[in-house]
Amino acid sequence: MSTLITNLPSYEVWVRKEYLTDHKSGHGEFVKGVWVSAKSIPGRAFYFETYLPEYAAMFDKLPISAFLSSPEIPDPDMTLHNLQFWNCMDYGVIAVQKQFIGSMHYEVYTRDYGNQTGTYICTLDNYHSDVDAIDYSTSEQPAEHKSHNLLELDNGQFCLYPNNRMRIYDNSITPETPKIPDFKVSTVYYQVENGHDRDGLGSEANYFWKTSKERSVDTNIGSGNTANLEEGIININIEPELG
């Protein structure tokens, strides 16, 4: 069963009121809220559900551009197109907090406003949760999958950015002048069973089992033959008993 929705940290935000009136009114006004959850629908921006204490109400399905960290127009005032780089990639979604990088300093490279800095909140990540449904999305394709790191930007907005549009700086372990990444997109489906030597463990009952190759080596050694291993060649010399 697809998940569609995930809990968010209870983060206090300000909602642009025009988003609460379908952009009919409320421009330049702000309503205090607390994030509750996020929804993931393929091909759309992430939708945020927010509790509005002043109204004792919940409001759902707002994009990241609806939210601010303080009740004032940000500078620069970036569009949704600059705040979320990619659409949702599947219905399956989970929110995680990557603690190791959680307190580091972030720099994101936006489409139209150059580098913007901020702090980490959590990461929204997509996956294909229903094995019985056709996977028409790209969430599990190595070359296409993207993480959505949720950041509070220093200009007062929030953003959802992939790893390869960010730099993350730590005062202790990051050098003063980091190298420029020259990485390539990962395209390989890594796995360790098919396409290799058959282990032949179907008839192996021992707790500390050996693969068919290891058993073959043991047999060759026991017969006094030379055993060929991946690491090299072991020559076995059996001395005759003296008597």
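The values are calculated or read from the model by the stated rules, or taken from the named source; none is laboratory data. Keep in mind it's a predicted model, so treat the numbers as computed, not measured. Note that we place each Cβ from the backbone using ideal geometry, even for glycine, and neighbour counts take in every protein chain shown. Side chains are part of the model used for accessible areas, which takes the heavy atoms of the whole protein and leaves out ligands, DNA and RNA. Shrake-Rupley method; radii C 1.70, N 1.55, O 1.52, S 1.80 Å.
The number of residues in the stretch 102-132 that are loosely packed, with under 14 Cβ neighbours inside 10 Å and more than 25 Å from Asp77 (Cβ to Cβ) comes to 5. Scanning the stretch 80-89 for residues that are open to solvent by less than 70 Å² (accessible area, probe 1.4 Å) and not in a strand (DSSP E or B) yields a count of 6. Scanning the stretch 91-120 for residues that are within 13 Å of the chain's Cα centre (by Cα) and within 18 Å of Ala45 (Cα to Cα) turns up Gly92, Val93, Ile94, Ala95. Within the stretch 135-174, restricting attention to residues that are β-branched (Val, Ile, Thr) and modelled with pLDDT of 90 or more, the residue that is nearest to Pro76 (Cα to Cα) is Ile168.
Looking at the stretch 133-152, I want the residues that are within 18 Å of Val188 (Cβ to Cβ) and have a partner that is of a type in the set (A, V, I, L, M) and part of a loop (DSSP other than H, G, I, E, B) with Cβ atoms under 6 Å, at least 6 apart or on another chain. Which pairs are those? Correct list of pairs: Thr138/Met89; Ser139/Met89; Ala143/Val185. Selection of first residues in the stretch 37-56 that are in contact (Cβ under 8 Å) with a residue 60 or more places away in the chain and of second residues that are among the acidic types (Asp, Glu) and open to solvent by less than 40 Å² (accessible area, probe 1.4 Å), restricted to Cβ pairs under 6 Å at least 6 apart or on distinct chains, gives the following pairs, ordered by first then second residue: Pro42/Asp90. Scanning the stretch 179-196 for residues that are open to solvent by 100 Å² or more (accessible area, probe 1.4 Å) and either more than 30 Å from Glu144 (Cβ to Cβ) or aliphatic (A, V, I, L, M) (or both) yields Ile180, Val192.
Within the stretch 34-50, the set of residues being of a type in the set (Ser, Thr, Tyr) and buried (at least 21 other Cβ atoms within 10 Å of the Cβ) comprises Ser40, Thr50.
Just to be sure before I move on: is Thr177 out of contact with any strand residue (DSSP E or B) (no Cβ under 9 Å at 6 or more places or on another chain) and at pLDDT below 90 in the structure I sent? So Thr177 does not fit the description; no. The single condition among (1) more than 28 Å from Asp112 (Cα to Cα); (2) surrounded by 13 or more Cβ atoms within 10 Å (Cβ to Cβ); (3) at pLDDT 95 or above that Pro53 does not satisfy is (2). Anything in the stretch 57-103 that is free of Cβ contacts under 8 Å to residues at least 12 places away in the same chain and within 14 Å of Ala38 (Cα to Cα)? List them, or say none. None - no residue of the stretch 57-103 is free of Cβ contacts under 8 Å to residues at least 12 places away in the same chain and within 14 Å of Ala38 (Cα to Cα), so the list stays empty.
Name the single residue that is nearest to Ser40 (Cα to Cα) among those in the stretch 56-79 being surrounded by fewer than 18 Cβ atoms within 10 Å (Cβ to Cβ) and touching an Asp or Glu at 6+ places or on another chain (Cβ under 7 Å). The extreme case among them is Asp60.
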